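Okay, so here's the structure we're looking at.
The values are calculated or read from the model by the stated rules, or taken from the named source; none is laboratory data. Everything numeric here is computed off the predicted structure, so don't read it as measured data. Positions of Cβ are generated from backbone atoms using ideal geometry, with glycine treated the same way; all protein chains shown enter the neighbour counts.
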Amino acid sequence: MKVGYWKLFRILIEDKKTVFFFLMTVLGLAFSMTVILCNFGLMDGYEVVLKNGLRKSMSDLEITSRYGFFKVNSELKEALKDQGIQNYAGVVKTEGFIVQENKSKGVLIYGIDEKEYNSVSSIAMKIPNEDSLVIGKTLAEELDVKQGDKIVIAFTRGNKNFEDLPYLKPMTISDIFSTGIYRKDMRIVYMHREGLRKFANTDDRVNSILLKLDGTKTNDDIEKVRSELARDLPFGYKIKAYWNEFQSLFEAVQVEKFSITVILQLIIVIALFNIVAFVNFNTTKKSQEFFLLRALGMSLKAISKFWILTVFMIWLLSCFFSLVMTWLFDKVILKLPFLKIPGNIYELYRLELSLSFKSVLMVFALTLIWSIGVIAYILLKERKKTLLQGLRQEFS
């Protein structure tokens, strides 16, 4: 006797209680998968957003020298040319203080050439003259200033006669930038390179060169160029990728991601108990119907196949609903005001999800493996049942 799957399934869920149980089983498994997907997404999203912000603030690569300030000479230019690097910007870095009324903040001052810097950075700086200053969004909010306001910057002049005295210079805020990284937006300010050179007495030297690689480069591409360039650079120069400053943090995130994912497998196992309960509930409740079908000639293999397809359908529906829940979490829940994270601790202002196809596939595959375990349990249980047991249940 052959009975189609959907006919058997209609027999299974013919009453409202069974339909509700079925939906709760699907949503329970979907919620468990969503928790793991969100864990993957938050960890990967943290890394993606942080790296994007770092790349905005310093481009792809940075060259420094162990001797401090240096000239961008022909030997250095030749090494860059050999790697096909056309866009680079010399930067003068020094430290100072922003003074505004009764507030002061220590800052890292970048002296840049507007045209050079804009060729290597995705943030377009507007520094029309030597009296202009560009500050980060977080620092602007902290000091309660806006574009066009006056502000005072204090730094030490690199001169024997004045090296112990702070030099105060009134500046006008010409632009406000945002990298999305708290530390960068709070601490870095930009001013005209020639203006900073006058106070730092650096002549035509710089202490940093920012490099932009042509085209869209992956992190592996950047690391490859970095290694090759490190080999070609003259002695004394150091080159680092834009993520180097936070490398230990990225490694810690990956370790935490793996650890949390392993722990969260427990909630998948708990959710699968609902599937087992659903099957047990229905095999007991519908025992007479299934006994009648077997008595009429339906094979044990056909009934086992039905339960395999049912568990597979639960898994498939759960995968779909988990994606919907994850989308809602990213687009709705993460936007709620009380979920804004402290930037001075986590570096970012707000978390974002970034799920790769590989991560989604991994979560779905792990859940399917657990589901196969449930199927094996069901098949083992069904094989132990006999027509005599069904007959006893029929007339009990």
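At-a-glance table
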| item | result |
| --- | --- |
| Failed criterion for Leu334 (all others in (1) modelled with pLDDT under 85; (2) in contact with a Ser or Thr (Cβ under 8 Å, 6 or more places away or on another chain); (3) in a helix (DSSP H, G or I) hold) | (2) |
| Failed criterion for Ala271 (all others in (1) in contact with a Ser or Thr (Cβ under 6 Å, 6 or more places away or on another chain); (2) at negative phi; (3) not assigned by TED's automatic domain parsing to the domain that holds Val311 hold) | (3) |
| Single condition Leu12 does not satisfy, out of (1) modelled with pLDDT under 80; (2) in the same structural domain as Val189 (by TED's automatic domain parsing) | (2) |
| Filtered residue count, region 228-268, keeping only those that are closer than 30 Å to Phe306 by Cα, surrounded by 12 or more Cβ atoms within 10 Å (Cβ to Cβ) and of a type in the set (A, V, I, L, M) | 3 |
| Residue within region 360-371 that is surrounded by fewer than 17 Cβ atoms within 10 Å (Cβ to Cβ), modelled with pLDDT of 60 or more and under 19 Å from the mean Cα position of the chain (by Cα) present | yes |
| Test: Gly53 is of a type outside the set (Lys, Arg), outside any helix (DSSP H, G or I) and closer than 27 Å to Asn118 by Cα | no |
| Positions within region 52-67 being basic (Lys, Arg) and at pLDDT 80 or above, in sequence order | Arg66 |
| Complete set of residues in region 104-124 that are over 16 Å from Lys169 (Cα atoms) and charged (D, E, K, R) | Asp113, Glu114, Lys115, Glu116 |
| Residue tally, condition without any contact (Cβ under 8 Å) to a residue 40 or more places away in the chain and of a type in the set (Phe, Trp, Tyr), over region 238-285 | 2 |
